[in-house]
Amino acid sequence: MPLTPATLTRHELIGRPVRVTAASNPDLVGIEGEVVMETTKTFSVEGDQRVWQVPKADATFAFDVEGETVTVDGDVLVARPARRTERTGDSKWR
């Protein structure tokens, strides 16, 4: 499945540039860098000389895909990365 704005949440996000555009913790807003690790509930975002642990829930993320900014509600991304990206079975990500 090709990476498009519509299929972003079904793809591997490690290595993708990301920006936190909204969060329940205002200190997280504005963090930007590259996703270097993903767990069920967090992204590790590497920016200038630092790696931040950003909770997915209660945050909104902006990813650039094909020259378009795609905004994703972090609650949609709360899942094991392997489960979120699978293409078969009873996944809610179909």
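Under the criterion of Cα pairs below 8 Å and six or more residues apart, the relative contact order for the stretch 6-52 equals 28 percent. Rounded to the nearest 20, the Cβ-based charge dipole of the chain about its Cα centre (Lys and Arg +1, Asp and Glu -1) stands at 460 debye.
Across the chain, C-alpha contacts under 8 Å between residues 6 or more apart give a mean separation that, scaled by the residue count, equals a relative contact order of 25 percent. Inverting the pair-averaged 1/r between distinct Cα atoms of the stretch 8-83 gives 12.1 Å as its Kirkwood hydrodynamic radius. Note on the chain: dipole from Cβ charges, positive end direction compared against 31, 62, 85; the farthest Cα belongs to 85. When DSSP assigns beta bridges and you keep just the ones with both residues in the chain, what percent turn out antiparallel, to the nearest 5? Antiparallel bridges: around 100 percent, rounded to the nearest 5.
Only the coordinates and a few stated rules stand behind these numbers; no lab work does. Predicted model only: the values in this text are computed from it and were never measured. Reconstructed Cβ throughout: ideal geometry from the backbone, glycine too, with neighbour counts over all protein chains shown.
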